[in-house]
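A short write-up of the structure that comes next.
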Amino acid sequence: MNRHKVELHLDNIYASPEFEHAYVLILKEKEGDRMVSIIIGEYEARAIIMEWKGITAPRPLTHDLFGNVMEAFAISMERVVIYRVDKGIYYTHLYFKQGANILRVEARTSDAVALAIRMHTPIFTYEDIIENERLRHSDATDTTFIGHDAPKMEGGDEHEKEYNQLRRLEDDMQKAIDDEEYELAAKLRDIINKLKGGH
């Protein structure tokens, strides 16, 4: 199957209003208005922001070191390709060139974007991915759990039950964030907001 590539650019990055110590990375297509939003960690977000804003650290950071090693060994970074999305996790390949050889390496999307900005490398995804993500974000009202059933309320009066359920949901959401299961965390957040809004 011949998949059509879509070039992206960094459109925005900001602190997540839902998740503590997480950021939202917005990549927008160059020739249109569609975009993908990716939840990333605080460290990776800072690295991207520094590269984006042209801020130089006093000492080389991890992405700077990687870029310096590439330059020392005459390796060029050709492109970044977000090739798959599965349960909210984005999977990305880096393509490098050394002489006549093309090398492909798996990377976290946040690291790939930080390197792409530093090395002035184009970022791509596929038409089916950006279209599916557009449709998924437009239908963000689904509150179905992924992987397990919703916790059951046990014991106590109604207010205590509701309080205990919210505490369990919030604990589950924080664990999902810590494990980088952001799709699950988003589902839990929606359920928590729905329960809080109903009282």
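Read-outs: derived from the displayed coordinates by stated rules, not from any lab. Owing to the predicted nature of the structure, the values given are computational and were not obtained by experimental measurement. Here Cβ is always computed from backbone atoms with ideal geometry, including for glycine, and neighbour counts include all displayed protein chains.
Things worth noting here:
- Per-residue Cβ neighbour rank within 10 angstrom, fewest leading, 96, 124: 96, 124
- Cα-projected label distance for residue 128 with residue 78, points at 7 Å along beta-carbon direction, nm: 2.2 nm
- Over segment 1-96: Rg over Rh, Cα atoms, Kirkwood Rh: 0.98
- Computed on segment 42-107, the Cα convex hull volume stands at 103 Å³ per residue.
- Sorting 110, 37 by the number of Cβ atoms found within 10 Å of their own Cβ, with the fewest placed first, yields 37, 110.
- Extended-chain gain in nm, criterion 0.36 nm per residue less alpha-carbon gap, residue 26 and residue 93: 22.3 nm
- Put in order of Cβ neighbour count within 10 Å, fewest first, the listed residues 109, 62 become 62, 109.
- Length gained on full extension, residue 46 to residue 15: 10.1 nm, using 0.36 nm per residue less the C-alpha separation.
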